[in-house]
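> To start, I am sharing the structure in question, which I have written as structure tokens.
The values are calculated or read from the model by the stated rules, or taken from the named source; none is laboratory data. As the structure is a computational prediction, the values presented were derived from the model and not from experiment. No Cβ is skipped: glycine too gets one built from the backbone with ideal geometry, and neighbour counts run over all protein chains shown.
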Amino acid sequence: MEVLLAAAGSAAAELLAVPVAPGTSVSMAAAPVLFALLAAGPAGATAGWMAAVVAAWTGSGGSDFWSRAVRLTAGVAFGTAVWGVVWRNTAAAATAMTVGMVLGDAAVLCVRHGARVSRALQAALRRLPVLAAGPGLGIGLVWLREEFGPLGFVLGFLTVLMGLEPFRVSGEQVVLLRGGMRVIAGAVDAKDPDTASHSERVAALAVRLARAVGLPEDEVEAVAAAALLHDAGKVAVDARILRKPAGLSPEEWEVVRAHPVVGQEILSGIPGMDRIARVIRHHHERWDGGGYPDGLKGEQIPLHSRIIHLADAYDAMTSDRAYRKGKSRDEALEIILREAGRQFDPVLAREFASMLQRGGADRG
Ligand SMILES: [Fe+2]
């Protein structure tokens, strides 16, 4: 009976996982799995875990399956091990499960996003309240089961799932908003066949760098949005000018140089986008003050703009154009390191180079 309840509960929790950012969501599956561990031992926990993993795959369509599966697997493994060692101690098992989920979360950040171990742990620890909620609730479910029988478990757990509903809806809206941003970015990139998917690649690189320097996840989100839309102002630039390999007239050059300001103007019309709009305005500023539109210098330039500037420059250098072949990763990184302290923020430039050397792949 306990095992059935737990398997159904963990599957339902995974299917109703709450998106916390595009590509990552959390579920309450840890609660029924911990319940199964406490009520029916490791076999029960395994059954709950298996139901959750299958449901996670079905529910997410595989998109953030690995982060959820690794987190839960690490949680179940730690929880079960400690439950066995510290003789059936509820609090110890719940704590161990939480620790396992934090470590699993950090492992995903390291392996899939190339973050440094210490930074990944910091980011995972910041999610501790969310990760601890499942095991904490598991203790509550055990108590409800003891006090009120199986119906207590079912009603308690349904209440929690319903309570999460508003968060799930707002998370889905964030994902929808990101879809709209991608459409705009795609329209900009489509103006020049040479720059297809440029905005997507810049966003992926900027996100990796933001995580590598340890920005919290909400800041990483802001970087992602601004990077995706960094060239939105190019909608106002004639495609013929954008496709010209070289030899722009001073007037044409003026039009191109206006794109960060135009981008800011377009986006600042959307409520809540002011900060992202400001980041976009400054994505062509240089560390030494020689950039545009405002000639800002050093740390006057918003950090997010400095991150996007690096990702943008790297992608431009390594992409093929109709009139030239793209540089190799090492050639591009050599230029970036040479320009550290001139064009680029020196600390970020070094972090960027070591991130790409560590991560191997040059794209996203
Ligand atoms: Fe740009």
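> From the list Arg126, Arg71, which one is under 21 Å from the mean Cα position of the chain (by Cα) and surrounded by 22 or more Cβ atoms within 10 Å (Cβ to Cβ)? Steps first, please.
Details: Arg126 fails: surrounded by 22 or more Cβ atoms within 10 Å (Cβ to Cβ).
So the residue among Arg126, Arg71 that is under 21 Å from the mean Cα position of the chain (by Cα) and surrounded by 22 or more Cβ atoms within 10 Å (Cβ to Cβ) is Arg71.
Each row is one residue, and each column tells you yes or no for (1) part of a helix (DSSP H, G or I); (2) within 16 Å of the ligand (Cβ to nearest atom); (3) crowded, with 22+ Cβ neighbours inside 10 Å.
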position	(1), (2), (3)
Gly152	yes, no, no
Met162	yes, no, no
Arg168	yes, no, no
Gly179	yes, no, no
Val207	yes, no, yes
Val223	yes, yes, yes
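> Taking region 225-248 as the search range and keeping residues that are within 15 Å of the ligand (Cβ to nearest atom) and assigned to a loop (DSSP other than H, G, I, E, B), which one is surrounded by the fewest Cβ atoms within 10 Å (Cβ to Cβ)?
By that ranking, first place goes to Leu248.
> How many residues does region 254-295 hold that are of a type in the set (Asp, Glu) and either within 14 Å of the ligand (Cβ to nearest atom) or under 25 Å from the mean Cα position of the chain (by Cα) (or both)?
Residues that pass the stated criteria total 2.
> Here are some residues: Ala232, Ala311. Which one is within 20 Å of Asp194 (Cβ to Cβ), touching a residue at least 60 places away in the same chain (Cβ under 8 Å) and within 28 Å of the chain's Cα centre (by Cα)?
Unique residue meeting the criteria: Ala311.
> Quick test of your reading of the structure: Glu251 fulfils all but one of (1) within 14 Å of the ligand (Cβ to nearest atom); (2) assigned to a helix (DSSP H, G or I). Name the failing condition by number.
Glu251 satisfies all of (1) within 14 Å of the ligand (Cβ to nearest atom); (2) assigned to a helix (DSSP H, G or I) except (1).
> Does Ala196 count as without any contact (Cβ under 8 Å) to a residue 12 or more places away in the chain and under 30 Å from Leu109 (Cα atoms)? Working first, answer last.
Details: without any contact (Cβ under 8 Å) to a residue 12 or more places away in the chain: yes; under 30 Å from Leu109 (Cα atoms): yes.
Yes.
> How many residues does region 126-150 contain that are of a type in the set (D, E, K, R), in contact (Cβ under 8 Å) with a residue 40 or more places away in the chain and in a helix (DSSP H, G or I)?
So the count comes out to 2.
> With the structure loaded, tell me whether Ile335 is among the β-branched types (Val, Ile, Thr), touching a residue at least 24 places away in the same chain (Cβ under 8 Å) and not in a strand (DSSP E or B) or whether it fails that test.
Details: among the β-branched types (Val, Ile, Thr): yes; touching a residue at least 24 places away in the same chain (Cβ under 8 Å): no; not in a strand (DSSP E or B): yes.
So Ile335 fails the test.
> Ok, one more. Restricting to region 262-284, what's the tally of residues that are in a helix (DSSP H, G or I) and surrounded by fewer than 17 Cβ atoms within 10 Å (Cβ to Cβ)? Steps first, answer last, please.
Let us first name the residues in region 262-284 that are in a helix (DSSP H, G or I), namely 262-268, 274-281.
Going one step further and asking which of them are surrounded by fewer than 17 Cβ atoms within 10 Å (Cβ to Cβ), we end up with 265, 268, 274-275, 278.
The number of residues fulfilling the criteria is 5.
> A follow-up question, please. Answer with yes or no whether Gly326 is surrounded by fewer than 22 Cβ atoms within 10 Å (Cβ to Cβ) and away from the ligand (no atom under 16 Å from the Cβ).
yes
> Being among the basic types (Lys, Arg) and within 30 Å of Leu16 (Cβ to Cβ) is the filter here; which residues of region 164-198 pass it?
Result: Arg168, Arg178, Arg182.
> For region 72-90, which residues satisfy the criterion of being farther than 16 Å from Ala36 by Cβ and modelled with pLDDT of 85 or more?
Listed by number, the list holds a single entry, Ala74.
> Here is a further query. Just wondering, is there one or more residues in region 218-234 that are under 22 Å from Arg112 (Cα atoms), out of contact with any helix residue (DSSP H, G or I) (no Cβ under 7 Å at 6 or more places or on another chain) and not polar (S, T, N, Q)?
Yes: one or more hits.
> For Arg126, indicate whether it is closer than 21 Å to Met28 by Cβ and basic (Lys, Arg). Lay out the reasoning, then the answer.
On the way: closer than 21 Å to Met28 by Cβ: yes; basic (Lys, Arg): yes.
Considered against the rule, which asks whether it is closer than 21 Å to Met28 by Cβ and basic (Lys, Arg), Arg126 comes out as yes.
> Give the residues of region 74-118 that are closer than 30 Å to Met355 by Cα and of a type in the set (Lys, Arg), sorted by residue number.
Arg112, Arg116
> Could you count how many residues in region 181-193 are without any contact (Cβ under 8 Å) to a residue 12 or more places away in the chain and outside any helix (DSSP H, G or I)?
1
> Continuing with the same structure: Exactly one condition in (1) part of a helix (DSSP H, G or I); (2) over 24 Å from the mean Cα position of the chain (by Cα) is false for Gly326; which is it?
(1)
> Does region 45-98 hold any residues that are without any contact (Cβ under 8 Å) to a residue 24 or more places away in the chain and not in a helix (DSSP H, G or I), and which are they?
Answer for region 45-98, where residues must be without any contact (Cβ under 8 Å) to a residue 24 or more places away in the chain and not in a helix (DSSP H, G or I): Gly61, Gly62, Val86, Trp87, Asn89.
> Determine which member of the set Ala120, Ala133 is surrounded by 13 or more Cβ atoms within 10 Å (Cβ to Cβ) and touching a Cys at 6+ places or on another chain (Cβ under 9 Å).
Ala120 is the lone residue from the list that is surrounded by 13 or more Cβ atoms within 10 Å (Cβ to Cβ) and touching a Cys at 6+ places or on another chain (Cβ under 9 Å).
> Looking at Val111 and the list (1) touching a residue at least 24 places away in the same chain (Cβ under 8 Å); (2) surrounded by fewer than 21 Cβ atoms within 10 Å (Cβ to Cβ); (3) β-branched (Val, Ile, Thr), which single condition is not satisfied?
The one condition Val111 does not meet is (1).
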